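The values are calculated or read from the model by the stated rules, or taken from the named source; none is laboratory data. Bear in mind that the values here come from a model prediction, so they are computed numbers and not experimental data. Don't worry about glycine lacking a Cβ; one is built from the backbone with ideal geometry, like all the others, and counts go over all protein chains shown. Note: accessible area is taken over every heavy atom of the protein model, side chains too, but ligands, DNA and RNA are not part of it. Shrake-Rupley method; radii C 1.70, N 1.55, O 1.52, S 1.80 Å.
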Number of protein chains: 2
Amino acid sequence: MSKGDLVRKLWAGFDAGDFDGVSPLLHEDFVAEWPQSRERMRGRANFLAVNRNYPGVSRCSVRRIVEAGDVVVSEVEIVNDGKPPIFAVSFFEVREGRLARAVEYWGEPYEAPAWRSQWVEKLS
Amino acid sequence: MSKGDLVRKLWAGFDAGDFDGVSPLLHEDFVAEWPQSRERMRGRANFLAVNRNYPGVSRCSVRRIVEAGDVVVSEVEIVNDGKPPIFAVSFFEVREGRLARAVEYWGEPYEAPAWRSQWVEKLS
């Protein structure tokens, strides 16, 4: 399994709500950091507990995977309970064939501001 | 100049407010997409106009650059007028030694929710 496939499989598992199934993809001492809320989950069990208990049902579609050495970046669109999509960008580090670390960012939808509309077109 | 250096130079220019200086790094038909607000800037001039007119002074520090073929991903921390940092993750595509395309996400700071505090530690 390529490093990118590890990450694809992780998101497929999250998409299916299969948190036990993704566990073997992660090192036991997996560490995830969420800089926006200044949170760190230390250990696979804590990371999976947060994901398992996240409110609502999250459907996850991978838009892009970028692989460079031991780093894999994923660009993912997440629809939670049918709400407008949010976007997740995650920087994973792979060690010994498993995911060892992640730094993740969450991009919420927002209204395009009027001040820049003269230079911008609307994405369909 | 490596592909990663193109992106480092772009952010250094934005950090300095030097929008004329970064112009040669971009193709004239550079296209940027901001999926969260469903905005597209078509053409270098429009992209630079939006950045030049962005409210406040933005100081930009690159946290990480990931290079893979023609793709460069940047992870950047931005402090605008001294407010709490926001995070930018940008997926650039390079063509003929210049930046041709970007898909960018913006992560705003937010309060860590109480429901997950039992599995989480605070980042210093």
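Before moving on, here are some points about what is shown:
- Listed residue pairs exceeding 30 Å between alpha carbons, taken from B:LYS3/B:LYS122; A:LYS83/B:LYS3; B:LYS9/B:LYS122; B:LYS9/B:LYS83; A:LYS9/A:LYS83: B:LYS3/B:LYS122; A:LYS83/B:LYS3; B:LYS9/B:LYS122
- Near B:VAL73, once Lys and Arg are set to +1 and Asp and Glu to -1 for all other residues with Cβ below 10 Å from its Cβ, the sum equals -1.
- Entry note: chain A has Rg to Rh equal to 1.01, where both radii use alpha-carbon atoms and Rh is the Kirkwood radius.
- Global geometry of the range B:41-112, whether rounded, prolate or oblate, following the gyration tensor of its Cα atoms and the 1.5 cut on a/c: oblate
- Here B:LYS83 yields copy-to-copy label distances, from shortest upward, of 2.0 nm, the label point defined as 7 Å from Cα along Cα to C-beta.
- Each residue, A:TYR54 and A:ASN80, gets one label point 7 Å from its Cα in the Cβ direction; the gap between the two is 0.7 nm.
- FRET efficiency for the B:ASP29 to A:ALA114 pair, using the beta carbon distance and R₀ = 30 Å, is estimated at 0.70.
- Highest-MSF residue in chain B out of B:SER58, B:SER37, B:SER74 [GNM, Cα springs under 10 Å]: B:SER37
- Local electrostatic count, B:MET41, Cβ distance below 15 Å [Lys/Arg +1, Asp/Glu -1]: +1
- Within the protein assembly as shown, DSSP assigns beta bridges of which about 90% are antiparallel (rounded to the nearest 5).
- Compactness of the protein assembly as shown - radius of gyration and Dmax, Cα, Å: 18.2, 52
- FRET efficiency, 1/(1 + (r/R0)^6) with R0 22 Å, evaluated for A:ALA45 and A:ASP5 via beta carbons: 0.40
- Position A:GLU111, label points 7 Å along Cα→Cβ, spacing to each other copy in nm (shortest first, one decimal): 2.3
- Between this copy and the others, label points of B:GLU28 are 6.1 nm apart in ascending order, each placed 7 angstrom from Cα in the Cβ direction.
- Judged by the gyration tensor of its Cα atoms, with axes a ≥ b ≥ c, the range A:14-54 is oblate; a/c meets the 1.5 cut and b/c is at least as large as a/b.
- The accessible surface of chain A, taken with every protein chain in place and a 1.4 Å probe, is 49 percent carbon and sulfur.
- Neighbourhood charge, 14 Å Cβ-Cβ cut-off, centred on B:SER117 and excluding it, Lys, Arg +1 and Asp, Glu -1: +2
- Protein-protein interface of the range A:19-48, residues with accessible area decrease of at least 50 Å², isolated chain reference, 1.4 Å probe: A:GLN36, A:SER37, A:ARG38, A:GLU39, A:ARG40
- Buried accessible surface for the A/B pair, both sides summed and rounded to the nearest 100, is 4600 Å² with a 1.4 Å probe.
- Extended-chain gain in nm, criterion 0.36 nm per residue less alpha-carbon gap, B:ARG95 and B:ARG64: 9.0 nm
- Charge dipole magnitude, Cβ of K and R +1, D and E -1 - the protein assembly as shown, Cα centre, debye nearest 20: 80
- About its Cα centre, chain B has a charge dipole of approximately 80 debye under the convention of +1 per Lys or Arg Cβ and -1 per Asp or Glu Cβ, with nothing else charged.
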